[in-house]
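Right, one structure below, let's go through it.
The values are calculated or read from the model by the stated rules, or taken from the named source; none is laboratory data. Because the structure is predicted, anything quoted here is derived from the model rather than measured. Glycine gets a Cβ as well: all are built from the backbone with ideal geometry, and neighbour counts include every protein chain shown.
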Amino acid sequence: MVPGPQIVYKCPNCEHLTQQGTIRSGNTIGATFYSDGKYDAPMMSDILQFNKCRKCETFYWFEGSHELIRYELSIEGHPLQHVESPQLMRIEDFHKALERSIYRTYGEIIYIRQRLMWAYNDQIRFHKNPQSEKIKDYRHYDNLKILMENLFMEKPYHIMLASEIHRNLGEFEKSISLLRALENENYNDKKAKLIQACHQGYRNVLVF
Ligand SMILES: [Zn+2]
């Protein structure tokens, strides 16, 4: 993974600074892929596209209008090198971001809600015994339903995500029929694994 420049952003509310790393080049060699679309890759990090200001808790997108400056990590002693990185976003933060309607497009709704899905699934993903675990917070299932309503069902990735949501909700027949209707060779291995999980009545997130 080759790092790109560090970008320093300014909170639009209180002007508190946050710096975010970037990736110049990376790949998914050696990555672990999950059925909810998340992957953990040693050579590629998932950089969150929005921030919660550490000082005033305003949410804002990491984008040009909030950018103050960018600098290369190779520059030693840069005056902004001690600016803090974004804080880790937790389940309640994603809920807050949705309550405050920080999204402007359907794409951003999907983005936030899929990351909320991942945050809930992390409870199972990293559990010692994932098979027996169940997410108890009903808001997880509400989020899945709303996420599904916002998907673009002409996109294969979204069809896969919708089928995953049906499986998570225990709607196995619906999940299987979406998978069977999807004609895209790239997904054949994943489809087979998901259909098998449906037949076994298994709802939780899977490792591919
Ligand atoms: Zn702020």
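Quick look at the numbers
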read-out	value
Number of the condition not met by THR18 [criteria: (1) touching a Pro at 6+ places or on another chain (Cβ under 9 Å); (2) of a type in the set (Val, Ile, Thr); (3) more than 16 Å from the ligand (Cβ to nearest atom)]	(3)
Candidate set: region 16-48, residues that are farther than 29 Å from LYS191 by Cβ and of a type in the set (S, T, N, Q); chosen: the one surrounded by the fewest Cβ atoms within 10 Å (Cβ to Cβ)	SER25
Test: residue in region 60-81 that is away from the ligand (no atom under 16 Å from the Cβ) and under 14 Å from the mean Cα position of the chain (by Cα)	no
Odd one out for TYR60, checked against (1) in the same structural domain as ILE23 (by TED's automatic domain parsing); (2) assigned to a loop (DSSP other than H, G, I, E, B)	(2)
All positions within region 13-31 that are part of a loop (DSSP other than H, G, I, E, B) and modelled with pLDDT of 90 or more	ASN13, CYS14, GLU15, HIS16, GLY21, THR22, ILE29, GLY30, ALA31
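Conditions (1) over 14 Å from the mean Cα position of the chain (by Cα); (2) farther than 30 Å from ASN150 by Cα; (3) without any contact (Cβ under 8 Å) to a residue 24 or more places away in the chain; (4) within 16 Å of the ligand (Cβ to nearest atom), marked per residue:
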| residue | (1), (2), (3), (4) |
| --- | --- |
| PRO5 | yes, yes, no, no |
| ASP36 | no, no, no, no |
| TYR39 | no, no, yes, no |
| PRO42 | yes, yes, no, no |
| ILE47 | no, no, no, no |
| LYS55 | yes, yes, no, yes |
